[in-house]
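Taken together, the values in this text are just the output of simple stated rules run on the coordinates, not laboratory data. None of the values given here were measured: they were computed from a predicted structure. In this analysis, Cβ positions are derived from the backbone assuming ideal geometry, glycine residues included, and neighbour counts consider all displayed protein chains.
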Amino acid sequence: MKRQNLLIGISGLVCSGKTTFANLLAKKIGAEIISFRNFFIKKLKKQKKMITRANLDKYSNEYLQTRGINELIKNVLSQRKNNNTLILDGVRMTETVKYIEKLKEWQYIGIYVDTNYKTRLARLKQRQENDLLSEELHQYDKKLLSRGLNEIKKISKWKIDNNGDMQSIVTQTKQLISQIQ
């Protein structure tokens with residue numbers, strides 16, 4: 001079966017600019033964005049739980065332990081509206097990439113948004129996410145890296161350097177699009 005659909009996975013650490021980049025790319029190529037985070041936010045809202053990073057982590061870990069990564073990916077992908085170009089925001093585990101690469105109907109392209117710690121911490125403070133402070137950001141990074149984010153960075157077809165200004169991201173996005181099409 002020929003792959004007719006393009007699935008672009010966006011990876012990176014907390015506050016690296018994944019969602020900003022995903023939104024920019026989606027607008028330029030007419031793609032639909034789906035995300036693991038939004039999937040879990042909807043689940044927490046149904047349970048009338050507060051949306052915090054701690055609750056999202058707790059619920060996502062419980063979901064993965066009880067249902068597994070394959071069911072999670074199927075459920076997240078089922079959110080799509082019929083677009084044959086999807087951007088999956090928040091790919092952070094190697095198991096996710098391995099599973100998606102096996103899906104015959106999707107051509108997978110991985111993009112890693114790379115941003116230094118100092119820039120990410122400044123963004124975190126701008127967002128006023130007080131539930132994740134400097135030391136906790138280090139710990140959170142370690143957790144994500146232990147789940148295989150370093151491996152995802154290595155195998156991603158493209159890397160976006162998000163340490164500059166917005167014009168730099170726009171330029172990199174245009175270059176990436178010219179190579180995808």
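Mean projection of the alpha-carbon convex hull of the stretch 78-173 over all orientations, in nm²?
Values: hull surface 30.8 nm².
The directionally averaged projection comes out at 7.7 nm².
First measure r as the distance between the Cβ atoms of K74 and Q179, then evaluate 1/(1 + (r/R0)^6) with R0 = 25 Å and state the FRET efficiency to the nearest 0.05.
Numbers: r = 29 Å, r/R0 = 1.17.
Efficiency, rounded to the nearest 0.05: 0.30.
With a 10 Å Cβ neighbour count serving as the proxy for reagent exposure, in which order, fewest first, do R67, R80 appear? Intermediate values should be presented prior to the final figure.
On the way: R67 12, R80 16.
Listing R67, R80 from fewest to most nearby Cβ atoms yields R67, R80.
Could you list Y117, Y112, Y59 so that the one with the fewest beta carbons within 10 Å of its beta carbon is first and the one with the most is last?
Working: Y117 13, Y112 25, Y59 16.
With the fewest neighbours first, Y117, Y112, Y59 line up as Y117, Y59, Y112.
Divide by every residue of the chain the summed helix terms, -39500 (n - 2.57) for each DSSP H run of at least 4, and state the resulting mean residue ellipticity at 222 nm, rounded to the nearest 500 deg cm²/dmol.
On the way: 8 runs with 100 residues, N = 181.
My calculation for the chain gives -17500 deg cm²/dmol from helical runs alone.
Can you work out the PRE-style zone for R53? Point 7 Å along Cα to Cβ, and I want the residues of the stretch 136-178 with backbone N under 14 Å.
136-145
Could you work out which residue, out of R53, R127, R37, moves most in a Gaussian network model of the chain, that is, has the largest mean-square fluctuation with Cα springs under 10 Å?
Answer for the Gaussian network model of the chain: R127.
Sorted from largest down, what three extents in whole angstroms do the Cα atoms of the stretch 59-110 have along their principal axes?
30, 22, 18
List the residues, sorted by chain then number, that are 5 or more residues from K159 or on another chain and whose placed amide H is less than 5 Å from its amide H.
Y112
Helix hunt in the chain: which complete DSSP H runs extend at least 20 Å axially by C-alpha with mean Kyte-Doolittle at least -0.5? If you can, show how the numbers build up before the last one.
Numbers: long enough: 53-77 (24 Å, -0.76); 166-180 (21 Å, 0.17).
Helices meeting the criterion: 166-180.
Once Rh for the stretch 37-135 is found with the Kirkwood sum over Cα pairs, what is the Stokes-Einstein diffusion coefficient at 20 °C and 1.002 mPa s, in µm²/s? The partial results should precede the final answer.
Details: Rh = 15.7 Å.
It diffuses with D of about 137 µm²/s by this estimate.
In nm, what is the difference between 0.36 nm times the number of residues separating Y117 and I155 and their Cα-Cα distance? If you can, show how the numbers build up before the last one.
Working: separation 38, 0.36 × 38 = 13.68 nm, distance 2.12 nm.
Between Y117 and I155, full extension yields 11.6 nm more.
In µm²/s, what is D for the stretch 20-90 at 37 °C and 0.692 mPa s, where D = kT/(6 pi eta Rh) by Stokes-Einstein and Rh is the Kirkwood radius from Cα pairs? The partial results should precede the final answer.
On the way: Rh = 13.1 Å.
Taking Rh from Cα pairs, D becomes 251 µm²/s.
Semi-axes of the equivalent ellipsoid for the stretch 1-46, please: Cα gyration tensor eigenvalues, times 5, square-rooted, ordered largest first, whole Å.
Numbers: eigenvalues 92, 52, 23 Å².
So the equivalent ellipsoid measures 22, 16, 11 Å along its semi-axes.
In whole Å, largest first, what are the principal axis extents of the Cα atoms in the chain?
The principal-axis extents, from largest down, are 44, 40, 27 Å.
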